[in-house]
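Working notes, structure below.
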Amino acid sequence: QVQLVESGGGMVQPGGSLRLSCTASGFMLSSSAVSWYRQISGKERELVAHITTTGTTPNYADSVKGRFTFSRDNAYTVYLQMNSLKPEDTAVYYCKAVHWLNTYWGQGTQVTVSL
């Protein structure tokens, strides 16, 4: 079964950290272009970070540069390390993978930054 699953969301205080995971089954993320998006209720989905299929250097949205780090682990897992979290980072975070001509989305994981 082909699927993408995110995990690691939760509630954290401002300034805290979380690490999101995105794990694929049925295909390899190591041969995919992978992106992290987030969506605040009532707003459009926003691209947070992206890495191309063969790339080694991720690109980041200006709003998260210097605070978020996108990394690949093994052939099936990527991470989004989020540090110095702010209330405006509160959103549902999604992983997206483009493998050959197929696009896959995860179900999303909620991140809430609040006192």
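The values are calculated or read from the model by the stated rules, or taken from the named source; none is laboratory data. Quick caveat: nothing in here was measured; it's all calculated off a predicted structure. As a convention, Cβ positions derive from the backbone with ideal geometry for all residues, glycine included, and neighbour counts pool all protein chains shown. Just the protein is used for accessible areas: all its heavy atoms, side chains included, with ligands, DNA and RNA removed. Shrake-Rupley method; radii C 1.70, N 1.55, O 1.52, S 1.80 Å.
Rounded to the nearest 10 square angstrom, THR103 shows an accessible area of 70 square angstrom against a 1.4 Å probe.
Quick check: with the 1.4 Å probe, what order do ILE51, ILE40 take by accessible area, largest first?
Numbers: ILE51 10, ILE40 65 Å².
Result of the area sort, largest leading: ILE40, ILE51.
Within the stretch 1-80, the trypsin sites (Lys or Arg not before Pro) that combine a DSSP coil assignment with at most 14 other C-beta atoms in a 10 angstrom radius are LYS43, LYS65. Cut-off 20 Å, label point 7 angstrom out along Cα-to-Cβ of GLU88: give me the residues of the stretch 1-31 whose amide nitrogen falls inside. Inside the label zone: 12-18. Between the amide H of THR53 and those of ALA33, distances stay under 5 Å, these residues lying 5 or more places away or on another chain, with hydrogens modeled in the peptide plane. Heavy-atom surface analysis with a 1.4 Å probe gives the stretch 31-115 a carbon and sulfur content of 52 percent of its accessible area.
If each residue of separation counts as 0.36 nm, what is the full-extension length gain between ASN102 and THR52 once their alpha-carbon separation is subtracted?
Here the answer is 16.6 nm.
With the biggest extent put first, the Cα atoms of the stretch 4-82 measure 34, 25, 23 Å across the principal axes.
Probe of 1.4 angstrom, ligands and nucleic acids ignored: what's the accessible area per residue over the chain, in square angstrom? Mind showing how you got there, number by number?
Working: 6120 Å² over 115 residues.
With all protein chains present, the chain gives 53 Å² per residue.
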